[in-house]
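Beneath this line is the structure, given in structure tokens, with notes to follow.
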Amino acid sequence: MASSALNKFLLENLNDLRSKGLYNEIDILESANGPEITIGNKKYINLSSNNYLGFATNERLIEASCEATKKYGVGAGAVRTINGTLEIHDKLEKKLAEFKSTESAIAFQSGFNCNMGAISAVMNKQDAILSDALNHASIIDGCRLSGAKILKFNHSDMDDLRRVAKDACNSGLYNKIMVITDGVFSMDGDVCKLPDIVEIAEEFNLITYVDDAHGSGVMGKGAGTTKHFGLSKKVDFQMGTLSKAVGVVGGYVAGTKDLIDWLKVRARPFLFSTSLTPGAAAACLEAINIMMESTELNDKLWDNGNYLKKGLKDLGFNIGNSFTPITPCIIGEEKLTQKFSKRLMEEGAYAKAIVFPTVPLGTGRMRNMPTAAHTKEMLDNAIEIYAKVGRELNVIK
């Protein structure tokens, strides 16, 4: 039986979240996470998945996963540094380095593990990290774990970054200084100002770290934000996930051979967690092969993203300033946002409400994620549902 102190804490805080519209109900899918999903025996147009290229249900990836599982088993059997590094892991990392135009790469069990391990393997209490104010939670936690001094700069404000960098350098307090940013910011769909960041980093001798979780497979014809800007050789850490556009699970860092060699002996999630399953590693490898063969899926992703953006904007919705297929539909107040999401679902469109603490208070939204797997008919139906619910709830005229 739980202690009375724990029961009191849980009851008070769960009730508080529910009263403010901040409690997140978890839905259980009865189907694959494709362009359409089934929940409670009802089919929905799926606008909440990060499965940008439709790889989660791609037949080539499924076949690769099955073949690797038959050959190597369902699990790697150990951590990477003992005998959990199978040849399929080595092949994946070599392919990642080729894909990202770097000397080497390392694969982790998740993107979150990646940030937790990579940042703290290099930065410590004698260092400082300049972090964009809207960086992902995994970046924030990775910075905290490192023990380095965290110095925030205003979101994509290059004048503020320059000021913070100059002050940090002039203070003489830090051995190393890193600047870290998302490549694509997942809640708004905007892209970091990487050319300016690199310029400032070179001026002040900063280590550069780009978390390209939502850029890999999306920007730069699939190769990512650094490729989009032609700066693959100028960024020290190219981090990304294998669970969004790649469609499977895991994370990676691409960089110089010396950097990756260091991470393989000092990144704690790599050292102390069992490797990616062989099936997952093989599926990731096949996804990268497909992206390197053709840009067809990437092109379709952007076409669908632009199509949905135009449809929602023409209706009068506030879709922010997204530069990518990510299409926020900003409602504002939390309870209204939750109600809006519920009504969308009742009409057949699944777009999960995103509220505080994922986004600031008063900026609740639907974050729509069109994919290469959506048809125009699906998107047209979704736009019609948005129009109906938006007028019903007085969000649009």
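The values are calculated or read from the model by the stated rules, or taken from the named source; none is laboratory data. Keep in mind that this is a model prediction, so the values were computed, not measured. As a convention, Cβ positions derive from the backbone with ideal geometry for all residues, glycine included, and neighbour counts pool all protein chains shown. When the accessible area is computed, the model is the full protein with side chains, heavy atoms only, and any ligands, DNA or RNA have been set aside. Shrake-Rupley method; radii C 1.70, N 1.55, O 1.52, S 1.80 Å.
Tabulated results
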quantity	calculated
Rounded percent of accessible protein surface that carbon and sulfur make up, the range 335-397, 1.4 Å probe	54 percent
Hydrodynamic radius (Kirkwood) for the range 273-347, which is based on Cα pairs only, to one decimal in Å	15.7 Å
Residue 396 long-range amide H proximity, modeled H, under 5 Å	391
Hits among lysines - C-alpha to C-alpha of residue 8 under 30 Å, sequence gap 8 or more where chains match	20, 335, 339, 342, 352
Principal axis dimensions, the chain - Cα atoms, whole angstrom, descending	57, 55, 54
For the range 328-372, alpha-carbon Rg over 2.2 N^0.38 Å	1.09
Residue-wise HN-Hα coupling along the range 125-136, computed from phi with Karplus coefficients 6.51, -1.76, 1.60 (Hz; x: Gly, Pro)	5, 8, 10, 9, 10, 8, 10, 4, 4, 10, 4, 4
Carbon/sulfur fraction of accessible area - the range 43-139, other protein chains in place, 1.4 Å, %	51 percent
Area of residue 160 that stays accessible when all protein chains are in place (1.4 Å probe, Å², to 10)	20 Å²
Residue among 157, 27, 211 with the largest mean-square fluctuation in a Gaussian network model of the chain, springs linking Cα atoms under 10 Å	27
Percent of alpha-carbon pairs separated by more than 22 Å within the range 1-94	62 percent
GNM result for the chain, Cα springs below 10 Å: residue of 338, 238, 126 fluctuating most strongly	126
For residue 320, residues with placed amide H under 5 Å, excluding near neighbours	330
Amide H partners (placed H, <5 Å) of residue 207, local residues excluded	177, 178, 179
Per DSSP, loop trypsin sites (Lys or Arg not before Pro) in the range 3-52 with at most 15 further Cβ within 10 Å	20
Note, ³J(HN,Hα) from phi for the range 219-236, Karplus 6.51, -1.76, 1.60, rounded to Hz, x at Gly and Pro	7, x, 6, x, 7, x, 5, 5, 5, 3, 8, x, 10, 4, 8, 9, 10, 5
Euclidean distance between Cα centres, the range 142-182 to the range 1-60, Å	35 Å
Ellipticity estimate at 222 nm from DSSP helix runs (n ≥ 4, -39,500 (n - 2.57)) divided over the chain, nearest 500	-14000 deg cm²/dmol
Share, in percent, of DSSP beta bridges within the chain that are antiparallel, nearest 5	55 percent
Phi to ³J(HN,Hα) by Karplus 6.51 cos²θ - 1.76 cosθ + 1.60 over the range 346-353, Hz, x for Gly, Pro	4, 8, x, 10, 9, 9, 5, 5
Reachable aspartates and glutamates, given that their alpha-carbon falls under 15 Å from the alpha-carbon of residue 166 and they are not under 8 places away in the same chain	127, 157, 196, 199, 202, 203
Taking the C-alpha atoms of the range 189-237, convex hull volume expressed per residue in Å³	66 Å³
Nitroxide proxy distance, nm - points 7 Å out along Cα→Cβ at residue 392 and residue 125	5.7 nm
Separation of the residue 321 and residue 16 label points, Cα + 7 Å toward Cβ, nm	3.4 nm
Area accessible to solvent at residue 214, 1.4 Å probe radius, in Å²	10 Å²
Fully extended contour minus Cα-Cα distance, from residue 28 to residue 293, at 0.36 nm per residue	91.9 nm
